[in-house]
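The structure is given below, and queries will be raised subsequently.
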Amino acid sequence: MSVDNMPTIYELVGDVCGRDFPMLALLPKEKQTKFIDIIYDDVLEADNPSEISEQQIYDYVEEFIAKAVSVSIDDVVDFLS
């Protein structure tokens, strides 16, 4: 693949989110975009964002979702207590 055909980091994050995490498609479009923006911003803050792999993005998104679900569960349990 030539450099001209390389996806941008933002496109790569969007592709991974859309392809590998179908539950994100259940979110309203505005929330999907916010989620991708958050992941993208975090990727840019890494040491070498231009060298990040799809697998690293996948792992990060998976961890991010797990943390978000954990916080949500804690909030619901606290609310119901």
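The values are calculated or read from the model by the stated rules, or taken from the named source; none is laboratory data. Since the structure is predicted, the reported quantities are computational estimates derived from the model, not experimental observations. As a convention, Cβ positions derive from the backbone with ideal geometry for all residues, glycine included, and neighbour counts pool all protein chains shown.
Among the residues of the range 34-60, write down those that are buried (at least 17 other Cβ atoms within 10 Å of the Cβ) and assigned to a helix (DSSP H, G or I).
Phe35, Ile36, Ile39, Tyr40, Val43, Ile57, Tyr60
Sticking with this structure for a sec: Taking the condition of being assigned to a helix (DSSP H, G or I) and either modelled with pLDDT under 95 or surrounded by 12 or more Cβ atoms within 10 Å (Cβ to Cβ) (or both), how many residues in the range 1-21 meet it?
So the count comes out to 14.
Considering the range 24-37 alone, what residues qualify as being without any contact (Cβ under 8 Å) to a residue 12 or more places away in the chain and either under 12 Å from the mean Cα position of the chain (by Cα) or under 14 Å from Val61 (Cβ atoms) (or both)?
Hits for the range 24-37 are Leu24, Ala25, Leu27, Lys31, Thr33, Lys34, Asp37.
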